[in-house]
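The values are calculated or read from the model by the stated rules, or taken from the named source; none is laboratory data. In this text, all values refer to a predicted model and were calculated from it rather than measured experimentally. Ideal geometry is used to build each Cβ from the backbone, glycine not excepted, and the neighbour counts take in all protein chains shown.
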């Protein structure tokens with residue numbers, strides 16, 4: 001048992017880049033020549049990703065995982081996959097009933113289990129029990145068949161829903177893109193985005209932000225410029241993040257509350273010409289922004305997938 | 001016109017030829033299909049080797065090592081233990097990449113802390129739909145196995161797995177590996193589904 005724990009610990013240290021060179025090289029030589037060990041490593045990597053996704057790593061391991069392991073978009077995708085799987089498959093069962101293997105994988109067939117029950121030391125005669133169990137088995141088979149049919153139907157319905165969802169997504173995205181394009185062509189809407197009385201209310205606004213523009217309470221000059229008022233009917237907000245220099249092929253924008261809770265992360269954004277210089281535009285739905293202070297952290301994506309800080313943009317949202 | 005000294009001609013870089021590749025495959029196994037499997041297994045090991053060492057381009061580096069191994073075999077070098085030999089070449093190549101600024105991996109301490117980026121709700125929904133469709137597309141046995149393997153929270157999950165391994169009469173580690181293989185298929189299926197969905201969205 002201790003050996004097993006040591007081995008798991010060894011593998012974890014390797015995956016988190018904590019193994020010294022003099023241990024690492026022979027360990028690597030070992031997994032190159034032993035398929036079993038290599039597969040164990042692959043499985044341990046899955047476990048590590050799952051533990052991170054479930055927030056079950058120690059603070060040290062978590063920090064190490066984020067610094068050493070989460071260094072490529074591919075690995076981020078693997079974490080996303082784990083989260084999806086955990087959310088979908090790994091929900092705790094309603095009762096902690098003993099695990100039952102898949103029927104086709106089990107070595108005991110149903111009739112063997114049935115006979116073993118008959119062989120049990122229950123103090124009732126075997127025949128009525130057999131009859132009762134036969135009814136249960138037959139009834140269960142009927143129910144199982146019904147459940148299987150329902151599952152099939154559900155699968156079909158969900159399969160049919162996917163194109164519908166895609167269609168809905170497509171039209172929503174197209175609408176968002178059109179709106180962002182329209183906003184880009186408009187002149188900057190000015191410091192306050194609230195339409196004046198009598199003025200028609202657009203369902204979208206563009207807020208131009210400059211890096212270094214500090215929180216409104218700290219800077220009287222920029223106080224009004226980075227304020228956004230959400231009014232009824234406002235759907236889309238386009239944040240135009242002005243760049244001092246366009247040094248990266250693509251960018252990642254992370255919108256957070258002032259308590260650093262993530263609101264939205266957008267990857268692979270491209271810088272665009274705005275007439276007054278380059279900017280990255282982030283479109284988001286107004287319903288994602290309740291009143292409060294926000295920060296947008298813009299990072300450049302380096303060719304190796306790692307991120308470089310570009311700037312922070314602050315803005316405040318208030319309800320009308 | 002005065003001749004211009006442009007220095008010695010650059011050393012010609014060895015390029016992989018079909019003949020050299022065939023020679024490598026024959027060296028790996030007389031049966032071409034099995035040889036292909038050995039080759040793919042080695043490529044995966046090399047990719048993971050570079051990935052686990054923090055390389056920025058694990059696939060490219062794995063291919064470069066395979067080219068170098070192929071070259072050595074083509075030149076007639078006697079290779080007794082193919083995997084150990086490839087590991088040595090990979091280790092040397094890794095040292096080369098750390099000297100080359102373009103391929104250098106960044107020390108862990110210098111890396112920014114990047115928590116996993118949560119996707120937008122729409123992306124998460126789409127991913128979930130892809131996942132559920134892919135899960136349904138698995139053979140029933142695999143679907144059941146993976147569902148049961150990942151059931152429960154912490155302690156219950158560990159107990160679940162032990163019980164499952166006992167029922168299947170296989171060691172826990174074998175169960176882990178079996179599940180890993182299914183999971184790899186599932187992950188590939190989900191990524192494929194997402195890629196197709198994104199392509200469809202772009203085309204419209």
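On inspection, residue A:241 passes the criterion of being more than 14 Å from chain B (Cβ to nearest Cβ), at pLDDT 75 or above, touching a strand residue (DSSP E or B) at 6+ places or on another chain (Cβ under 6 Å) and in a strand (DSSP E or B).
The criterion of being over 22 Å from residue A:78 (Cα atoms) and in a helix (DSSP H, G or I) holds for residue B:167.
The residue of segment B:125-134 that is farthest from residue B:176 (Cα to Cα), among those that are modelled with pLDDT of 90 or more and more than 7 Å from every other protein chain (Cβ to nearest Cβ), is B:130. Residue count for segment A:261-296, restricted to those that are surrounded by fewer than 18 Cβ atoms within 10 Å (Cβ to Cβ), under 16 Å from residue A:238 (Cα atoms) and modelled with pLDDT of 75 or more: 7.
Please determine, by comparing only the residues of segment A:24-56 that are within 19 Å of residue B:183 (Cβ to Cβ) and assigned to a loop (DSSP other than H, G, I, E, B), which one is nearest to the chain's Cα centre (by Cα). Among those that are within 19 Å of residue B:183 (Cβ to Cβ) and assigned to a loop (DSSP other than H, G, I, E, B), it is A:54.
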